[in-house]
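Quick notes on the structure that follows.
The values are calculated or read from the model by the stated rules, or taken from the named source; none is laboratory data. Since this is a predicted model, take the numbers as computed values, not measurements. Cβ atoms come from the backbone with ideal geometry, glycine included; neighbour counts cover every protein chain shown. Side chains are part of the model used for accessible areas, which takes the heavy atoms of the whole protein and leaves out ligands, DNA and RNA. Shrake-Rupley method; radii C 1.70, N 1.55, O 1.52, S 1.80 Å.
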Amino acid sequence: MPAQRLTRQSLAALSVPDGKTNFFAWDTEVPGFGVKVSAGGSRRYVVQYRPAGERTAKRLTIGAIDTLTLDEARRQARTLLAKALTGNDPHAEKAAAKKAAAVTLGSVADAYLKHCEARQKPGTGIAPFL
């Protein structure tokens with residue numbers, strides 16, 4: 001399907017061709033912005049860009065169609081594409097933020113051991129678990 005200006009009506013009419021697992025419809029108003037329609041019925045806004053100095057394009061999901069309006073998704077796509085043009089990598093930033101936000105057992109255990117160490121009487125000591 002050639003690129004077209006995405007509207008609410010055109011989004012409702014999108015369907016996956018027979019024999020395919022997903023389908024992309026790209027917007028003409030914001031190049032690199034589109035919608036991914038899967039055979040299972042999910043529809044997500046996506047942005048595709050090529051980081052500076054790389055040969056392959058990266059694709060980043062913005063959100064589901066039923067949670068974001070088309071105008072909000074276009075606004076976010078413009079922001080992400082502007083970051084990519086200035087040399088930043090939105091995909092790497094998202095992965096780093098996700099990793100930083102993750103609470104792991106190791107980080108909780110370290111915090112607990114520090115808490116216990118501060119409450120111990122002198123000379124008791126805590127045997128390391130690891």
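Okay, here's what the table says:
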quantity: Identity of the residue in the stretch 51-61, aliphatic (A, V, I, L, M) and in contact (Cβ under 8 Å) with a residue 24 or more places away in the chain, that ends up nearest to Gln9 (Cα to Cα); calculated: Leu60
quantity: Filter result for Asp110 (over 23 Å from Leu14 (Cα atoms), open to solvent by less than 70 Å² (accessible area, probe 1.4 Å) and among the acidic types (Asp, Glu)); calculated: no
quantity: Condition met for Glu72 (free of Cβ contacts under 8 Å to residues at least 12 places away in the same chain and at negative phi); calculated: yes
quantity: Lone unmet requirement of (1) touching a Lys or Arg at 6+ places or on another chain (Cβ under 8 Å); (2) over 30 Å from Ala3 (Cα atoms) for Phe23; calculated: (2)
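Okay, residues lined up against (1) more than 15 Å from the chain's Cα centre (by Cα); (2) modelled with pLDDT of 90 or more:
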| site | (1), (2) |
| --- | --- |
| Val35 | no, yes |
| Glu54 | yes, no |
| Thr61 | no, yes |
| Leu70 | yes, yes |
| Ala73 | no, yes |
| Ala77 | no, yes |
| Thr86 | yes, no |
| Glu93 | no, no |
